[in-house]
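Working notes for the structure below.
All of the numbers you see were taken from the coordinates with simple rules; none came from a lab. None of these values were measured; they are calculated from a predicted model. Note that each Cβ is placed from the backbone with ideal geometry, even for glycine, and that neighbours are counted across all protein chains shown.
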Amino acid sequence: GPIQGDLEECKAGSAGVITNNTWGSGCAFVKETLNSLEQHTAYYGNQVNQDRALAQTILNFKEALNTLNKDSTAINSGISNLPNAKPLQNMTHSTQNPNSPEGLLTYSLDTNKYNQLQAITQELGKNPFRRIGVIDYQNNNGAMNGIGVQVGYKQFFGKKRNWGLRYYGFFDYNHAYIKSNFFNSASDVWTYGVGMDALYNFINDKNTNFLGKNNKLSVGLFGGFALAGTSWLNSQQVNLTMMNGIYNANVSASNFQFLFNLGLRMNLARPKKKDSDHAAQHGIELGFKIPTINTNYYSFMGAKLEYRRMYSLFLNYVFAY
């Protein structure tokens with residue numbers, strides 16, 4: 001063919017110089033052909049490299065897409081485990097463009113739910129329980145000071161009248177400051193209810209001139225129970241209750257209470273006045289009140305705050321008529 005003839009001509013000694021007369025023939029034509037082959041080889045070689053790079057890019061994109069799918073699933077799964085998951089579920093959502101390749105999804109962030117999450121984060125920063133960490137249980141005590149009032153009726157039975165009962169309503173107030181390594185607060189507690197005590201005098205109506213003539217002294221024991229309510233007020237309540245709307249934190253300041261009480265009593269009765277069945281009586285009591293039920297004041301993401309007066313030591317002045 002033509003190329004074979006040009007090769008033979010080139011072998012015969014043609015200089016291969018390209019001129020108007022030699023262009024497209026002899027060694028010149030062979031060189032032109034080789035140069036063209038080299039150019040086409042380089043072009044298609046670059047195309048192969050570009051195709052290879054494109055394939056690698058697609059593989060990397062597919063891996064990134066899989067990672068994004070996993071992250072989206074993990075986010076929604078984590079949100080679903082929160083105590084109040086409904087307002088935050090589906091924070092991210094995906095859509096499929098019908099003109100896009102299969103499996104290529106568009107992910108969007110719900111701005112309203114993201115703003116909710118931001119609000120949660122800010123409020124959580126004010127919550128004292130954010131630092132509780134892995135603590136399973138912590139018990140803190142504080143001394144409480146307070147005052148109380150009790151109003152009721154008492155009666156004695158039998159020939160010696162050394163056994164009796166009393167029925168009463170009462171109201172107590174106490175205050176304390178409780179410190180711990182993660183939660184400090186001033187606390188007020190109100191206890192209110194009704195009770196009944198049994199009375200026994202081992203010294204009964206003994207004549208004495210103590211604090212006056214012809215007085216009668218009684219010394220004895222008392223013991224009984226009370227059905228009551230307890231209400232706590234905590235100085236951290238504002239920070240605790242602000243989590244109610246989002247994390248569904250539970251604050252319960254009041255609850256039912258059952259108390260035991262026991263102690264010593266002394267009673268001094270004045271002589272009866274003429275035409276009267278009653279005499280003024282003054283007494284002193286030293287005793288204990290023992291509440292039995294915790295107040296489940298607060299719960300938040302598994303953390304719980306419970307209050308209870310362990311016991312109350314009291315000294316009462318009693319006036320009876």
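Worth a mention:
- Applied to region 218-233, the Karplus parametrisation 6.51 cos²θ - 1.76 cosθ + 1.60 on θ = phi - 60° returns per-residue 3J(HN,Hα) values of 10, 10, x, 10, 9, x, x, 9, 9, 9, 8, x, 10, 10, 10, 10 Hz, with x for Gly and Pro.
- Beyond 20 Å in Cα-Cα separation lie the following of the pairs 160/273; 159/213; 160/289; 206/273; 160/213: 160/273; 159/213; 160/289; 160/213.
- Under 5 Å, built H, 5+ apart or other chain: amide partners of residue 162: 157
- Using θ = phi - 60° in the Karplus curve 6.51 cos²θ - 1.76 cosθ + 1.60, the 3J(HN,Hα) couplings for region 195-205 round to x, 9, 10, 8, 10, 9, 9, 8, 10, 10, 6 Hz; x is entered for Gly and Pro.
- Around the amide H of residue 225, modelled in the peptide plane, lie the amide H atoms of 196, 261, all under 5 Å away and 5 or more residues distant in sequence or on another chain.
- The ranking of 256, 156 from fewest to most other beta carbons within 10 Å of each one's beta carbon is 256, 156.
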